[in-house]
Amino acid sequence: VEKSAQQPKEGPVRKPSQPAVFVPVDRMPEIQEARLRLPVLAEEQVIMEAVRENPCIVLCGETGSGKTTQMPQFLYEAGYASGKGIIGITEPRRVAAVSMSQRVAMEMNLPTQVVSYQIRYEGNVTTDTKIKFMTDGVLLKEIQKDFLLQHYSVIIIDEAHERSVYTDILIGLLSRIVPLRNKKGLPMKLIIMSATLRVEDFTDNKKLFPSPPPVIKVDARQFPVSIHFNKRTPMEDYSWVDKTGGILVFLTGQAEVHDVCRRLRKAFPFRRSTTDTGKEEETFKDTRRFKKDKQKQALPRIHLDNYSALPVDEGDEDQLAGVDDDECGYEGCELDLGEDEGDPDEKADPSIPLYVLPLYSLLAPEQQAKVFQASPAGTRLCVVATNVAETSLTIPGIKYVVDCGRVKKRYYDRVTGVSSFKVSWTSQASANQRAGRAGRTEPGHCYRLFSSAVFGDFSEFSEAEITRRPVEDLVLQMKDLNIDKVVNFPFPTAPSGEALMAAEQLLVSLGALEEPPRTGRVKDIERAKLSCPVTPLGRAMASFPVAPRFAKMLALGRQQDCLPYVIAVVASMTVREIFEDLERPAASEDESSKLAQNKARLMQMRRLWAGQGPSLLLGDLMVLLGAVGACEYAGCTPQFCETNGLRYKAMVEIRRLRGQLTNAVNAVCSEGGVFVDSKMAPPTESQVICLRQILLAGLGDHLARRIREEEILDPKWKNGYKTPLLDDPVFIHPSSALFKKPPEFVVYQEVMETTKMYMREGLVCHCTSTFYRVAWPLPAVEKAYPEGLDRFKLFAKFLLEGEVCLKLKKNCSVLLSN
Ligand code: ADP
Ligand code: MG
């Protein structure tokens, strides 16, 4: 244990003023035995002394040393949950919040009413809860309701090294809340836990903590891990000589994980005993069922009261052949599993069959839980994972790590607003984390699929997420907490001034913040621009658990009598990946033919959901609405979702979010009484028109115009769209409802760069004067863009060129001539 100056002396000395509270916990003997082997147990005394003596401490220790599971127990035993307050612990990942609460409840022999969790859509917290695991976003929402967090006696911020945006903001806020609480005589403790040793962003940050908190380091009992770098040629020794020890493979994304699982299963076949064939049998049954479907040439139809089917469009399915995958692969890093060249038997000993399991965050929870269970006798566990396995989950019995050295991250270009997932080299810290997973129970090996020279070029640490994404949601949350000068907020790592400015401007244009004055001294104007106070609309928006653009739609939906639809659309735009990925690589040959057969059928289904008549104007958003509606009519069953290419987990989340958003909107609009039936009838024509206007109010600046024949400078531009901000064209994704009949104008949710720049969730935009009045009233546009008029002029120029609206044309000409 390394100690900083402030740290109390080691030893069992307890200040006489401090009562030695001890709350007994009745653990099972085998649990108690396993706990004693964890490195943090040896430091319990030192850690708890430090907690007693300081309002805030930082606890550092290798992954698997017992921080997450033990720290809440130490605090519980020391009486921190015996008074009025409870122990709160935040996790950046939902998976971790749920599974860790269950694990701790089990270790403490306490029911889940006492050791509970809360994530965005669900939880099992009761009035008896003493230890509460939650996602960091949940705690941030709670701060909005009660800035002093009086419900808690301790907050533990776990996985601080991940530098997730909410974790960073929480640390900033808590650095102020804890002293306030102590001043008011309501003592509170803050514990920041981190896996890596780079804690300077928290400790050497005078703005954050004027006197640095003590850092306690726990030395993990880590066994040596031999690192094998890749030479220029692929590694020869993929045959793992030992008979025991699990393998953990780190890859970048879901598609890769499935692909490698399939290849591994083929190269190291594992014949399951009859007791273990449940899942396999299911798969075969499915295949047969789909084959039958194909023989009949029957298109499944939905007979769902009002969700009538469109006449089947006999379109050219070939157009879909080139659909691009959202998951991008990477080059230059070969996972050679011996499948494609030569006999796999020469490379590895097939007498040890592999029990291959995928692990990634979107995987169904019961599949995820499998990695913690013992693998079938006579097999070797092989988990193929994304970086969820890097620090938040510890898989027992791993002796070998294979690391591709890459990571997939979401990047956001602030200037153009384009999002993309890019695969890049990871950091040295994270590569070492990954390697460390091999040496937890005995000496291990880490096979790095990159050379030591490449490793030398890695950045030392991964950068904080806050520097890579838009911050309008955070800015709005802070303004709602009356932190008007967001630039002065004690961020562990501050977002750029540019990002803060862009956020402030968007929020002003959405009506969430008061407009800055436009007259006065230049200096004052500049200063005012970064400290606009929140408006009543902004406060309402801040109370909705969605991004500001969506929050604006909800606020408008209330006024226009189509709230249920707005809520359903917003809920489905917020939930990730509601449709099964039709381009996912198959896990087996059988699955691959099943997927191909299914694809055409599912695309047809999406066209049915897109509706007809005015509904078509809503484009992909009507598809979302149709899918949600149809699913609810069918009772939202796993079977319905599977047959119709929907992700069951996502549909359940949407249902919960709809309930939650309805409550949130009703709470704000006290005249209330908006009844939301989970089975909503399809919208009427006037509701569709109104709905579209509302959606446009949130996305009005995301407009794209189809490139005309004469404008095409490059054959690649065919079917492209122009946007005010990008030089290069953007495209409608082949899976979009708008793909076959591309409209002249499209408004989209976001631009995502994969193999091309694709617009996500487009809706048709005919720029009629009605739309324009609601979405962007002209005087308001001018007001909202006091100096961004150039951007607006570009936008207006589009409309002129499109000759869509005479009235508008007149107005625009005036604007353009000034
Ligand atoms: P840290 O937070 O320091 O990374 P943890 O507290 O998560 O460490 O893990 C401590 C130990 O508890 C590890 O050995 C891990 O394997 C074990 N553990 C955690 N969760 C489970 C679980 N669900 N099942 C079995 N073992 C678990
Ligand atoms: Mg942990």
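The values are calculated or read from the model by the stated rules, or taken from the named source; none is laboratory data. These numbers were taken from a predicted model, which means no experiment stands behind them. Don't worry about glycine lacking a Cβ; one is built from the backbone with ideal geometry, like all the others, and counts go over all protein chains shown.
Which number in (1) within 16 Å of ligand 2 (Cβ to nearest atom); (2) buried (at least 20 other Cβ atoms within 10 Å of the Cβ) marks the one condition that SER116 misses?
Going through (1) within 16 Å of ligand 2 (Cβ to nearest atom); (2) buried (at least 20 other Cβ atoms within 10 Å of the Cβ) one by one, SER116 breaks only (1).
Any idea how many residues of the range 186-221 are part of a loop (DSSP other than H, G, I, E, B), within 16 Å of ligand 2 (Cβ to nearest atom), crowded, with 19+ Cβ neighbours inside 10 Å and aliphatic (A, V, I, L, M)?
Adding up the residues that qualify gives 3.
State the number of residues belonging to the range 442-476 that are outside any strand (DSSP E or B), within 18 Å of VAL402 (Cβ to Cβ) and either in contact with a Gly (Cβ under 9 Å, 6 or more places away or on another chain) or modelled with pLDDT under 85 (or both).
Within the range 442-476, residues that are outside any strand (DSSP E or B), within 18 Å of VAL402 (Cβ to Cβ) and either in contact with a Gly (Cβ under 9 Å, 6 or more places away or on another chain) or modelled with pLDDT under 85 (or both) number 6.
Give the range 38-57 a look and list any residue that's within 14 Å of ligand 1 (Cβ to nearest atom) and outside any helix (DSSP H, G or I), or say none.
Scanning the range 38-57 gives LEU38, GLU43.
For THR90, all conditions in the list (1) under 25 Å from PRO39 (Cα atoms); (2) not in a strand (DSSP E or B) hold save one; what is the number of the exception?
(2)
Got a sec? Which of VAL104, VAL125, VAL23, VAL98 is assigned to a loop (DSSP other than H, G, I, E, B), of a type in the set (Val, Ile, Thr) and either farther than 25 Å from PRO545 by Cβ or within 13 Å of ligand 1 (Cβ to nearest atom) (or both)?
Being assigned to a loop (DSSP other than H, G, I, E, B), of a type in the set (Val, Ile, Thr) and either farther than 25 Å from PRO545 by Cβ or within 13 Å of ligand 1 (Cβ to nearest atom) (or both) holds for just one of VAL104, VAL125, VAL23, VAL98, which is VAL23.
For the range 135-149, how many residues meet the condition of being farther than 20 Å from ALA547 by Cα and crowded, with 17+ Cβ neighbours inside 10 Å?
Final tally of qualifying residues: 1.
Quick check on the range 75-86. Is at least one of its residues touching a helix residue (DSSP H, G or I) at 6+ places or on another chain (Cβ under 6 Å) and under 24 Å from LEU140 (Cβ atoms)?
Looking for residues that are touching a helix residue (DSSP H, G or I) at 6+ places or on another chain (Cβ under 6 Å) and under 24 Å from LEU140 (Cβ atoms), one finds none in the range 75-86, hence no.
For LYS408, state whether it is in a strand (DSSP E or B), within 20 Å of GLN254 (Cβ to Cβ) and more than 16 Å from ligand 2 (Cβ to nearest atom).
Spelling it out, LYS408 is indeed in a strand (DSSP E or B), within 20 Å of GLN254 (Cβ to Cβ) and more than 16 Å from ligand 2 (Cβ to nearest atom).
Which residue out of LYS370, LYS399 is within 16 Å of ligand 1 (Cβ to nearest atom), surrounded by fewer than 20 Cβ atoms within 10 Å (Cβ to Cβ), over 16 Å from the mean Cα position of the chain (by Cα) and at pLDDT 85 or above?
None of the others qualify; the one that does is LYS370.
Just for the range 153-185: of the residues that are under 27 Å from the mean Cα position of the chain (by Cα) and part of a loop (DSSP other than H, G, I, E, B), which one is farthest from ALA499 (Cα to Cα)?
Among them, the one singled out is ASP158.
Given the conditions (1) within 16 Å of ligand 1 (Cβ to nearest atom); (2) part of a helix (DSSP H, G or I); (3) of a type outside the set (A, V, I, L, M), which single one is not true for PHE133?
Going through (1) within 16 Å of ligand 1 (Cβ to nearest atom); (2) part of a helix (DSSP H, G or I); (3) of a type outside the set (A, V, I, L, M) one by one, PHE133 breaks only (2).
Can you tell me which residue is farthest from the chain's Cα centre (by Cα) among those in the range 466-479 that are surrounded by fewer than 19 Cβ atoms within 10 Å (Cβ to Cβ) and over 18 Å from GLN505 (Cβ atoms)?
Of everything passing the filter in the range 466-479, THR467 is farthest from the chain's Cα centre (by Cα).
Given VAL388, VAL384, VAL407, which one is touching a residue at least 24 places away in the same chain (Cβ under 8 Å) and touching a Cys at 6+ places or on another chain (Cβ under 8 Å)?
VAL384
In the range 477-493, how many residues are in a loop (DSSP other than H, G, I, E, B) and either aliphatic (A, V, I, L, M) or closer than 13 Å to PHE147 by Cα (or both)?
Matching residues across the range 477-493 total 3.
Any residue at all in the range 75-94 that's free of Cβ contacts under 8 Å to residues at least 60 places away in the same chain and within 13 Å of ligand 1 (Cβ to nearest atom)?
Within the range 75-94, none of the residues are free of Cβ contacts under 8 Å to residues at least 60 places away in the same chain and within 13 Å of ligand 1 (Cβ to nearest atom).
Would you pick out the residues in the range 155-191 that are out of contact with any Ser or Thr (no Cβ under 9 Å at 6 or more places or on another chain) and within 16 Å of ligand 1 (Cβ to nearest atom)?
SER164, ILE191
What's the number of the condition PRO545 fails, among (1) farther than 26 Å from THR662 by Cβ; (2) under 28 Å from the mean Cα position of the chain (by Cα)?
(1)
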